[in-house]
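Engineer: Take this structure, written in structure tokens, and hold onto it; I'll ask about it next.
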Amino acid sequence: MVATDKQQASPLWTTTTSEVRLTGTWREAKPDYHVAPSPCHGACPVQGDIASWIQQVSRSEYYGAWLTLMENNPFPAIAGRICHHPCETACNRQQLDETVGICSLERFVGDMALTQSWALPAIKQDDDCSVAIVGGGPAGLSCAYQLRRRGFKVALYEERDQLGGLMRYGIPSYRLDRAILDAEIERIIDLGIDLHLEVELQDQAALKRLHKEYDAVYLATGASQSKNLPMLDYQQPWVLDSAAFLAAMSHGQNMLLGERILVIGGGSAAIDTARSARRLGKAVTILALEPEHLLPAQTIEVTEALEEGVEFVCGAMMQSTQVKDKGVQLHCVKVDFSAGAERGEFAIDVLTGSEFNLVADTVIPAIGQQVDMDRWAGLLAADQGLAQTDQGWQTSCRGIFAGGDMASMDRFVTHAVGMGKQAAQAISHYLRPHTEVAQVKTEKPVGFEAINSYYYPISKRQKQKQTELETRLDGFSEVQQALSDHGAMIEAGRCFSCGTCTYCDNCFYHCPDMAITKLATSEIDGSPNRAQSGPSRGIGYSIKSDYCKGCGLCVAECPTGSIIMREDSGCSTKQESCS
Amino acid sequence: MTTNNDGTLLSGNHAVAWGVKLARPDVAPLYPITPQTPILEKIIELQDKGLMTVELLTPESEHSAMAAAIAASLTGARVFSATSSQGLLLMHELLHYAAGARAPIVLFNVNRTPASPWGFWPDQLDSLAQRDTGWIQLYSETPQESLDTTIMAFAIAEAANIPVMVNHDAFYVSHAVEAVRIPDQQWVDQFLPPLQLEHKLDTQTGRSFGAPIDQAAWNRSRREMCDAMTKVESLVSQTGQRWGALCGRNYGPLEHYRTAQADVLIVTMGSMCGTVREAVDEMRQQGQSVGLIKVRLFRPLPGAALREALVGVSTVLVLDRNYSPGMGGILHQELKSALFGMEKAPQIHGLLAGVGGVNVAAEHIQRWVSQYAQAEACVDSIWVE
Amino acid sequence: MELIDYQDDGHFFSGHVACAGCVEALALRVILNTVGSDAMAVVAPSCSAVICGGYPASALKIPVFHTTLESAAASASGVKRGLVAQGKTETTVVALAGDGGTYDIGLQALSSAAERNEDILYICFDNEGYMNTGGQKSSSTPKSAVTGSTPAGKETSKKNMVEILAAHRIPYIATTSPGDLNDMAAKVEKAKAIRGTKVIIVLIPCLAGWGVVDDGAVKTARLAVDSGVFPLLEVFGGHDYVLNKTTKNQPINDYLKQQKRYRHMSVEQIASLQAEVDEQWQRIQKRVEVSSGFEA
């Protein structure tokens, strides 16, 4: 029979898979997943994990995004409105098209938290240590928040009747809605802060009492004194201090005299003053030393001020004043302005023959604030008009820390928030040296060259809508409107996520050797391009040493610069004895 | 088609086509070439008439035909193809491939002179030149034998996992018409059950064939072919006997014709055997003790059977309808080596007879017998007229 | 960001012996996982044959039949017919061949299979030369490229295989690139659903043969597409052309700079090659314009 006649056919048929061959031995370098700082993170005054929370937004994990934001900044809704956003200035995306609208996204998340009344996680343990914080502005509140989160008892002393400091008394409500401000402050106080409003720390004795009563003290009383122009007589009724003006405005008080207002200065305070005055129906002129493109205020502020009819006289200075029948005449001259190496440093040359006159009913200088360090003379050392502190924000007096405008020339709200956070870390370390580890940031931020921009088609930045120009001047409602949900999703999708893995699986799919393992997978994926029936996305990866040949394609195809090649002997796990 | 009690009048090529029909191949890649084309046309005709069902491929060349044949075979399909001369030579690369893949394909080759110069005449050089490719080679003398051998070839190929090439001569067999008994399909189905290939392309096992291998594995593949080849002679015998038991026509690796007490034996293959029979009959009548050994199985050459057949024979005349330049007749050479070391080996004369299809008549053969029976054999083949 | 969305079900195994960074292996991964488990592969001698094989191991989950260099299309036809004869009509038969096995020695068999409209999916890994034998020119080698057999740069142009295939009126022809794995997966998926002869030509920048850095083949493949050197297109029924990426926004120089085989080129030669690419682009645009918009 055929069956019995049948001879064994050649067995030259494969019997196994190529996995028996350990191609990992070919390798000279091996990819390594790492989290590297993004340029935005490096530039952020609060060291926010920007790439992380934007990715959470892009996955629609809004609460998670908010918690990530809240790690470093208790004021996302505020910062999303008024931060001077050095993050955006540093953003790698501008080398492709335009920077990512980080602030608009932060505001989107911050507002959502308020709308949905999201709560912070409960404080895990209470600590016996107590800290007194003096000053309820952004630095003090930030420090209070961070210390309270760590379980410390926190007492907050504020000399005014409301918290917020500059955020309330310096920034007009058309930039920062008061309901937002109140809500974000309230959320901090609700953590269990021992609040003492309208308590002024009158003298050194009072500070010493606090120092004795509490385990540590944080001073963040701001820079409350206005700098004065020598050529201006501040006793004149037509001279108005901008800080006082803005503070009064925040209470709804109109201190202006006459119809023609002249604001001196080119920073945010000057613009805020001018735009507030415009909203009261006044004709407003700004006189600034700097040429328009070098004005210290944010470009958007200048643009909006121009839109609102504020006139700018830039690159000029006032030399003298003369009161006339129909107002004050200011004798001005054009100057040649050159910026110095340090912020706030500059040089000017008066351009003789360029003299001109301006006329105003009220003159409001807004050229900056300074700290009254004389109050603490003998107790706290001063340095160039600021409280002298070490790297951990501790003053010359052990146990007393200082921050905010009082200790720094970085006069931005978010800088103050960041300083408050850093001081909280330092105080925590001071009080509990074994638990708080100071953050060390040594790695260089991920550069544009590490980003595979192929994965990012040109996409214009999502613009926030603005209130119609016609209605803006009718009151003090916010000019900048929040992004729509859709807009936020698109904007979040523009983020390169520099140095932070987005679990896009590109490394997994671009490995010709199947040498990357998804450590775990998630079916949840909110990204807009995610196909309904697509594969499960990884939530972490590892390299199979047995098979990785070290080609580097995963690195090249990583859209976020989250993988680097490191030299490697090329030994596979099964040949660990290889030497 | 004329049918009487003796069978159906069929040409050799049409007899092959009927054999193919009865063997129920799954796939048949076919490319036309003179004088094979009637096989192709008849198969297509049988298919068109609904008498058979086969996946017919008509590719652009014999090369592709054989490439498709091998691949189809490795899926477990029964595969048939046919060709001739240039076509077979074009397949050469793949003949090696088929054998190495142990694909049980049946290829029918109509022996024709290979070019150049161009010719369309019976000559076995085309297939004999493929003797080292690893195929089993069978040579048929008549249309009936071609039909029977086609069917048996499947049984042999599938039992040995070695492809089989069946050959018959151009025109003398391919176009010669004779009464052929077409066996019942039932008999054939009993004789040749559906193919069950042990190693095949199968999505269930995922095993692969043909991947680059190392020297040792290649060496082993040849040793395995060697082992398989050693069993072919008896397999051909058994298969021929089984076939004989079913339909009364027995076939073996060799056919002995009037060899009893023969002093002179003529050894040859294919259509020449018919002429030799005629000559043998004449000479026997004249009292000469002459017989014929017809070699049906050329590869593997049935050496033991040949030695046995030639015991006591004084003279052997090998008639080669082929010529290997620089060497001579191929069967002559093969036979000499088959008898190596044989005690009292006969004198072997190699006669290059009918090369290029020239006519070889019975009287020629008689003349050669008388001419060479007493002569001392020389090692080289001799051109004869 | 567009995510890669094909499902890797482990149809291509680690441990294959492709060069580190080889995108032919990467393409195989996409193709095999898209083709799925009810499939068989026929592989002609090429880098793919080396990658797939290595007795007694196979890098493919599906069965592979390694055939001769000129026979990919014929052998694939044979496999398909063998399966059909045994009732396995749904099994996808994939032929994998290089450009040598497609543009040169295998063209005859491919043309015939296409003419017969055999139900096979034919993949040509086009690395523009005989790279597995150390880098000699094939008829797919572009003008000016240096190979082992064109040391001064090839004088004649690359054969236009898409148009040759289109002339066969087969149901589906596509080009794809390892620079866009989703495009590749989508085209394989589409081809798989079509009965008849489907041919997909995959551009494979060869690290050694083209002189591309180990991690640069994906980028090079993208630049080939973006510069219009290798347009991503589909041809339905031999007459309806669809250009998948309709912009050609990179000068070819950016593409050439990735590769050592073009390093010798003069400004004039680059301009000449650019003109050829522009002309090809125009021709495709015309084909697209006269297409009826039919899609299978």
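Engineer: Can you tell me the 0 to 90 degree angle between the C-alpha axis of helix A:204-213 and the longest principal axis of chain A, rounded to 10?
Structural biologist: It works out to around 30 degrees.
Engineer: Related question: From Cα pairs below 8 angstrom and at least 6 apart in sequence, can you work out the relative contact order of segment B:254-383, rounded to a whole percent?
Structural biologist: Over segment B:254-383, the number comes to 27 percent.
Engineer: So if I take the centroid of the Cα atoms in segment A:207-230 and the same for segment A:63-85, what is the distance between those two points in Å?
Structural biologist: After rounding, the separation between the Cα centres reads 26 Å.
Engineer: Could you tally the net charge around A:Trp13, taking each other residue with its Cβ under 11 Å from the Cβ of A:Trp13, Lys/Arg +1 and Asp/Glu -1?
Structural biologist: With Lys, Arg at +1 and Asp, Glu at -1, the net is +1.
Engineer: How many Å³ per residue does the convex hull of the Cα positions in segment A:226-370 occupy?
Structural biologist: In segment A:226-370, the Cα hull volume divided by residue count equals 110 Å³.
Engineer: Follow-up. Would you work out the relative contact order for segment C:23-290, in percent, from Cα pairs under 8 angstrom that are 6 or more residues apart?
Structural biologist: Reported as a whole number, the value is 16 percent.
Engineer: Using 0.36 nm times the number of residues separating A:Thr16 and A:Gln95, minus their current alpha carbon distance, what extension gain do you get?
Structural biologist: Here the segment from A:Thr16 to A:Gln95 would lengthen by 23.5 nm.
Engineer: Using the Cα gyration tensor of the protein assembly as shown, with a ≥ b ≥ c the square roots of its eigenvalues, what is the shape: rounded (a/c below 1.5), prolate (a/b larger than b/c) or oblate (neither)?
Structural biologist: Verdict is prolate for the protein assembly as shown.
Engineer: What are the aspartates and glutamates whose alpha-carbon lies under 16 Å from the alpha-carbon of C:Lys260, with same-chain residues fewer than 8 places away excluded?
Structural biologist: Cα-Cα hits under 16 Å: C:Glu128, C:Asp214, C:Asp215.
Engineer: Turning to a different aspect of this structure: Where Rh denotes the Kirkwood radius from the mean inverse Cα pair distance, what is Rg over Rh for segment C:1-113?
Structural biologist: So for segment C:1-113, dividing Rg by the Kirkwood Rh gives 0.98.
Engineer: Hey, rough spin-label estimate for B:Cys247 and A:Glu28, points 7 angstrom out along Cα→Cβ, what's it come to in nanometres?
Structural biologist: In this crude spin-label approximation the distance works out to 6.9 nm.
Engineer: Enumerate by residue number the chymotrypsin sites (Phe, Trp or Tyr not before Pro) in segment B:23-110 meeting two conditions: DSSP loop (anything except H, G, I, E, B), and at most 11 other Cβ atoms within 10 Å of the site's Cβ.
Structural biologist: In loop regions of segment B:23-110 (DSSP not H, G, I, E or B), there are no sparsely surrounded chymotrypsin sites (Phe, Trp or Tyr not before Pro).
Engineer: Let me ask another. Please state the charge dipole magnitude for segment A:226-370, taken about the Cα centre, from unit charges on C-beta atoms (+1 on K and R, -1 on D and E), reported in debye and rounded to the nearest 20.
Structural biologist: Computed about the Cα centre, the dipole is about 380 debye.
Engineer: Give me the distance between the Cα centres of segment A:271-297 and segment B:29-63, rounded to whole Å.
Structural biologist: 95 Å
Engineer: Once phi is turned into θ = phi - 60°, what whole-Hz ³J(HN,Hα) does the Karplus curve with 6.51, -1.76 and 1.60 give for every residue of segment A:504-518, x standing for Gly and Pro?
Structural biologist: Ordered by residue, 3J(HN,Hα) equals 7, 6, 4, 4, 4, 7, 8, 7, x, 10, 6, 9, 10, 10, 7 Hz.
Engineer: Counting DSSP beta bridges with both partners in the protein assembly as shown, what percentage is antiparallel, nearest 5?
Structural biologist: In the protein assembly as shown, DSSP labels about 40 percent of beta bridges as antiparallel.
Engineer: Sorted from largest down, give the three principal axis spans of the alpha carbons of chain B, whole angstrom values.
Structural biologist: Largest first, chain B extends 65, 56, 44 Å along its Cα principal axes.
Engineer: Normalised by the number of residues in chain B, what is the relative contact order in percent for Cα pairs under 8 Å and 6+ residues apart?
Structural biologist: The normalised contact order for chain B reaches 15 percent.
Engineer: Would you list which lysines come within 19 Å of A:Lys324, measuring only between C-alpha atoms, while excluding same-chain residues fewer than 8 positions from it?
Structural biologist: none
Engineer: Here's another thing I want to ask about it. Cα centroids of segment C:145-204 and segment C:221-258: how far apart, whole angstrom?
Structural biologist: For segment C:145-204 versus segment C:221-258, the Cα centre distance is 11 Å.
Engineer: Sticking with this one: If you take the Cα Rg of segment B:254-383 and divide it by 2.2 N^0.38 Å, with N the number of residues, what do you get?
Structural biologist: 0.94
Engineer: Can you list, largest first and rounded to whole Å, the semi-axes you get for segment C:23-290 by taking the square root of 5 times each eigenvalue of its Cα gyration tensor?
Structural biologist: Those come to 29, 21, 16 Å.
Engineer: Grab the Cα-Cα distance for A:Ala206 and A:Gln116, subtract it from 0.36 nm times how many residues apart they are, and report the gain in nm with one decimal.
Structural biologist: Here the answer is 28.3 nm.
Engineer: Give me the inter-chain shielding for A:512-521: mean count of other chain Cβ atoms within 10 Å, whole number please.
Structural biologist: Mean shielding count: 5.
Engineer: Within segment B:115-141, find all residues whose amide N lies under 15 Å from a label point positioned 7 Å from the Cα of B:His175 along Cα-to-beta-carbon.
Structural biologist: B:119-123
Engineer: Quick one: angle between helix A:62-72 and the longest Cα principal axis of chain A, in degrees between 0 and 90, rounded to 10, please.
Structural biologist: 60 degrees
Engineer: Same structure again: Which aspartates and glutamates, on any chain, are close to B:Lys231 with Cα under 20 Å apart, when same-chain ones fewer than 8 places away are left out?
Structural biologist: List returned: A:Asp5, B:Asp132, B:Glu158, B:Glu198, B:Glu255, B:Glu308, B:Glu334.
Engineer: Set the Förster distance to 60 Å, then compute FRET efficiency between C:Ala271 and A:Ser396 from the Cβ-Cβ distance, nearest 0.05.
Structural biologist: Computed FRET efficiency for C:Ala271 and A:Ser396 comes out at 0.25.
Engineer: Turning to a different aspect of this structure: From the convex hull of the Cα coordinates of chain A, what is the mean projected area in square nanometres?
Structural biologist: Across all orientations, chain A yields a mean hull projection of 37.3 nm².
Here, each number is a calculation from the coordinates, and none is a lab measurement. If you're wondering where the values come from, they're calculated on a predicted model, not measured in any experiment. Heads up, the Cβs are rebuilt from the backbone with ideal geometry, glycines too, and the neighbour counts pull from every protein chain shown.
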